[in-house]
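To start, the structure itself, in structure tokens.
The values are calculated or read from the model by the stated rules, or taken from the named source; none is laboratory data. The model shown is predicted, which means the values in this text are computed figures rather than measured ones. Cβ atoms come from the backbone with ideal geometry, glycine included; neighbour counts cover every protein chain shown. Each accessible area value is taken on the protein alone, full model and side chains, heavy atoms only, with ligands, DNA and RNA left out. Shrake-Rupley method; radii C 1.70, N 1.55, O 1.52, S 1.80 Å.
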Amino acid sequence: MASAKLCRKCAGLLWGRTALASLSVPDTLLSVRAAAVQTHTQSWSFTTFRLSHSASPEPPAAERRLTERGLLPYDSPGSNCTVTERPSPDSPSLLEDLDIAPPLSPFEEISDDEAVQIVATPPLPPASTSLRDYVSQSETLTKLVQLGVDLFKLEQRPNVGSMLLRLDFQQDVQGRLLFLKDVGLQDSQLGPLITHNPFILTESLENLQARVSYLKSKRFSSEAVCRMVSKAPYLLNFSVQRLDNRLGFFQKHLGLSPHKTRDIVTRLPRLMCGSLEPVKENLKVFELELGFRPNEIQHIATRIPKVLTANKKRLTETFDYVHNTMGIPHSLIAKFPQVLNVRLLRIRERHRFLQYLGKAQYDPAQSGYVSLDQLVSLPDAVFCSEVASATLEDFEQFQKTL
Amino acid sequence: MGTPAGRLYRRLEGLFAVYKPPGVHWKLVRDTVETNLLKGINSAPPPAPQLQVQFLPERTEGPSGSTELTLTATCLPALAEHPRVTGPRFRKLRVGVGHRLDAFSSGLLVLAVGQGNKLLTDLYNSHVTRDYTVEGEFGMATDDFSNTGRLIERTTYDHITRDKLERVLAMIQGANQKALLTYSNVDMSSQEAYELAAKGSLYPQGKSPPIVTGLRCLHFEPPHFSLEIQCLHETQRFLCRLVHEVGLELRSTSVCTGVRRTRDGPFTLQMALTRNHWTVPDIAQAIQQSRSSWRQSASRASLPQHTESRGGEQGRHGTDEGARVAMSD
């Protein structure tokens, strides 16, 4: 009880805060903590979470008073809390506020019941480079960790740390989580989603609802929407107009039917989030540099949508090897577009191995035909036993002679 | 370091060899190995969560029916030490690369993890020889001596025979032997020089230009030929230039179509890990193997006699250099 009495002054002030917020007694404990955290969070600036009042939006007067009064008792003589360096223009309003609600005196007696509920936590650091210091004190962060969000990844991103600290779990987070559950996401998918896109917690619920209903109006099934949201976490942060642009682009430039457009976007929802310039560029590369016909491009894009966002240089290198070195015509490549999606190293190793064994025969008209699909997508062990009829050790020995 | 991840990391400290495919930069190889190792080490089971004593208020029924609040001490796992908050234990590893290989060439590349980097310095200071297999093609000359460069000249190569090629190779080897003697800083007329040269353990003191200590022709089917080269302080560019000069000496021109390193000091091609084996268990095994072979070579070096065989040039180089490295450590 001694420690409780030591920080009676601070307790009194926190009690004042709870009285202001008019909260019921049983959950005082949590809300006192939450309030303490909140008063701090008001003033954390962006990257280093430093207490600087000029950079942050001005908190309401009552809150500001509490920040100051609540923090001062924590202040050990050695620490250099920036709150004490408050500019003077604020002080008149401060005095007015003090008139309205007289502060509790440090000498006031409190009952034992009240004293028990005082939580003597170590003071929160006013500035920190890590969210570790705030996790146990902030309800939002605690719940997010329990949900499976990787905080260490989020704290490396600019602005995200202070954004998370400002959120209130009941008001901001809960509703969005329930909404995501309604969209159809599993519990285990929520953590990774927020790890990728924490800004979904600041997006307004009406907007989110509007975007989901837009997707549904475009006749995406609810499973498809769920899959898209979990695969492309930023999808719901984009405006309806932008989503509409994307869908229109794929339908027009690839000349696809609505059904096939939906299929592409469902399989690779990343297409809806990124810029369209690389996609346009890749389409040009297919048409001009690689010399595919429009219907072949359409076929390749619907089979393997990933080639639309692939690296241009990688694409041409792979095509160059497959077409010029292995001598495979366009029609066959269009038939097995997964070749363009594989590492060049892998194609080269396997082709050279088959060549060494005298089995590199890619013409379907002749006997001993090895399809490109077999060449590329089988795992090493299966490829060796079924296509090359050799052992895995042989293949590894061969790799060391390249 | 009592955690499973820490123990795993200590098992991984040492030297090992990987096989670099052609067309890939060595830095990419190194980074891939580092990412794979980090993934493996960090997926080791996390240590037991740290507990923190917390005083939680509890409402208890008093004897007279009134409720009163008491504080009870409970041990709860500290949230600040949760793996989702602290992040993985290992964020980066010190992975060092031995003698480099440029993107054009392929072959054995020595990598070191953690404390193994010190051994890498020893390996460098011991001036070990390296074996290469170099493929060449007569009839062309390019600006960067490789077959991918810009074509400068076309020549005939019908007059070249295996005999002539070997004569030129012998001449080049002789010139390099002489360079080796001058750079080894031993008095040529001394007994010491004779003994070192007889043993074949002459090596240059400090820095020197590239020196070829062994050179022979493996295949000769014009226009294609391949050479086996043992050398010191070389770069792959130098080897390409060597092929070019062989062509010039033969009154023709040649380009280099491939450079492959088959041995780097004590590391041979059998120990090299191919791309699919760059995982924690395989690398750990390779490192254990290299450690034990070094211990063996160190104990063999402490024996008074050397078993020498004139024919086993490669083997002798291997054991000698291994011993030298191990002793300096």
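Overview of results
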read-out: Long-range neighbours under 9 Å by Cβ, at least six apart or interchain, first residue more than 30 Å from residue B:222 (Cβ to Cβ) within the range B:164-192, second among the charged types (D, E, K, R); value: B:183/B:207; B:186/B:192
read-out: Residue identified as within 14 Å of chain B (Cβ to nearest Cβ), in contact with a Ser or Thr (Cβ under 6 Å, 6 or more places away or on another chain) and within 28 Å of residue B:20 (Cβ to Cβ) among A:396, A:317, A:349; value: A:396
read-out: Lone unmet requirement of (1) outside any strand (DSSP E or B); (2) touching a residue at least 12 places away in the same chain (Cβ under 8 Å); (3) within 14 Å of chain A (Cβ to nearest Cβ) for residue B:156; value: (3)
read-out: Residues being facing chain B (nearest Cβ under 8 Å) and either open to solvent by 50 Å² or more (accessible area, probe 1.4 Å) or within 27 Å of residue B:70 (Cβ to Cβ) (or both) - total across the range A:136-160; value: 3
read-out: Filter pass, residue B:220 being in contact with a helix residue (DSSP H, G or I) (Cβ under 8 Å, 6 or more places away or on another chain), within 15 Å of residue B:242 (Cα to Cα) and of a type in the set (Phe, Trp, Tyr); value: no
read-out: Cβ-Cβ under 6 Å pairs, at least 6 apart or on other chains, the range A:338-354 side without any contact (Cβ under 8 Å) to a residue 40 or more places away in the chain, far side open to solvent by 30 Å² or more (accessible area, probe 1.4 Å) and of a type in the set (D, E, K, R); value: A:341/A:306; A:344/A:317
read-out: Residue that is surrounded by the most Cβ atoms within 10 Å (Cβ to Cβ) [pool: residues in the range B:199-253 that are without any contact (Cβ under 8 Å) to a residue 40 or more places away in the chain and in a loop (DSSP other than H, G, I, E, B)]; value: B:202
read-out: Residue ranges of strands (runs of 3 or more DSSP E) in the range B:33-114 with at least 1 members under 30 Å from residue A:111 (Cα atoms), within 13 Å of another protein chain (Cβ to nearest Cβ) and open to solvent by 70 Å² or more (accessible area, probe 1.4 Å); value: B:51-61, B:67-77
read-out: Restricting the range A:90-114 to residues that are of a type in the set (A, V, I, L, M, F, W, C) and modelled with pLDDT of 75 or more, the residue that is surrounded by the fewest Cβ atoms within 10 Å (Cβ to Cβ); value: A:107
read-out: Scan of the range A:360-401 for residues that are closer than 20 Å to residue A:338 by Cβ and either touching a residue at least 60 places away in the same chain (Cβ under 8 Å) or of a type outside the set (A, V, I, L, M, F, W, C) (or both), ordered by number; value: A:361, A:362, A:363, A:364, A:369, A:371, A:373, A:374, A:377, A:379, A:380, A:386
read-out: Members of the range A:260-281 that are touching a Leu at 6+ places or on another chain (Cβ under 7 Å) and either within 18 Å of residue A:323 (Cα to Cα) or outside any helix (DSSP H, G or I) (or both); value: A:269
read-out: Verdict on residue A:359 being open to solvent by 40 Å² or more (accessible area, probe 1.4 Å) and out of contact with any helix residue (DSSP H, G or I) (no Cβ under 7 Å at 6 or more places or on another chain); value: yes
read-out: Residue match in the range B:177-188 (condition: more than 28 Å from the chain's Cα centre (by Cα) and open to solvent by less than 80 Å² (accessible area, probe 1.4 Å)); value: yes
read-out: From A:257, A:204, residue being out of contact with any Leu (no Cβ under 7 Å at 6 or more places or on another chain), within 24 Å of residue A:173 (Cα to Cα) and either β-branched (Val, Ile, Thr) or loosely packed, with under 15 Cβ neighbours inside 10 Å (or both); value: A:204
read-out: Output for the range A:362-376, where each listed residue is among the hydroxyl-bearing types (Ser, Thr, Tyr) and either surrounded by 16 or more Cβ atoms within 10 Å (Cβ to Cβ) or in contact with a Lys or Arg (Cβ under 7 Å, 6 or more places away or on another chain) (or both); value: A:362
read-out: Pick from the range A:118-135, criterion open to solvent by 10 Å² or more (accessible area, probe 1.4 Å) and over 30 Å from residue B:70 (Cα atoms), ranking: nearest to the other protein chains (Cβ to nearest Cβ); value: A:130
read-out: Qualifying positions in the range B:112-131 - in contact with a helix residue (DSSP H, G or I) (Cβ under 6 Å, 6 or more places away or on another chain) and of a type outside the set (Val, Ile, Thr); value: B:112, B:122, B:123, B:126
